[in-house]
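In what follows, a single structure is set out as C-alpha cells and then discussed.
Computed from the coordinates by the stated procedures, all read-outs in this text should not be read as laboratory data. Being a predicted model, the structure only gives us computed values, none of them experimental. Note that each Cβ is placed from the backbone with ideal geometry, even for glycine, and that neighbours are counted across all protein chains shown.
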Amino acid sequence: MNTHLVDQRISRLIRSGLLLYLIASLCSCTMIHVYGSKESTTSVHSGVLSVSAGLDEDTLLIRTSGFGFVPLAEGLGIGSISQDLVVIGNKTKCQVIVVVQNSIDANSLSNQLQTAGISLGRLCEVRLDRKSK
C-alpha cells in the first residue's frame with residue numbers, strides 16, 4: 001500500500017474528526033442550576049465547558065441539563081442529557097441531606113422529624129424554590 005495514500009486517509013480522518021467536534025461544540029447548549037441553602041443561580045452556556053463546585057461550606061444541588069456535549073460529574077455526555085448532583089460542602093456538619101421542592105415540604109419534614117424526636121442539627125437542606133440570581 002502506498003504511504004502517501006495512507007497519509008491522505010489519516011489526514012482526512014483527522015480533519016473529519018475536528019470538523020465533527022467543532023460542529024458539536026457550536027451546537028451544544030447547557031443550562032446549569034445551582035441550588036444552595038441560602039440562594040440559587042442559573043446560567044446558560046454554549047459549547048463545551050467544565051463545571052466544578054467551589055470549596056464552600058454550603059451543600060449544593062447542581063442540576064445540569066442540555067444537548068450536544070454536556071458536562072457531567074464523571075465526564076462528558078453526548079446527546080440530550082440531564083443530571084442532578086449533590087455536593088457536600090462540610091462533611092462533618094451534614095449527616096443527612098434533604099432536597100425539598102418548596103417551603104411547605106420543608107416545614108412539613110421539619111415538623112415530622114421534631115415530632116419523632118430526631119435532631120435537626122446535622123441535617124442539611126437544599127431548597128429548589130429559592131429565587132435565582
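Cβ-Cβ distance of Leu123 and Tyr21, R₀ of 30 Å, FRET efficiency by 1/(1 + (r/R0)^6): the value works out to about 0.10. Rg and Dmax of the stretch 27-127, based on Cα coordinates, read 15.8, 52 Å.
How high is the FRET efficiency between Leu76 and Ser103 when r is their beta carbon distance and R₀ equals 30 Å, given to the nearest 0.05? After rounding, the FRET efficiency stands at 0.25.
The label point for Gln95 and the one for Ser46, both projected 7 Å from the Cα toward the Cβ, are 5.0 nm apart.
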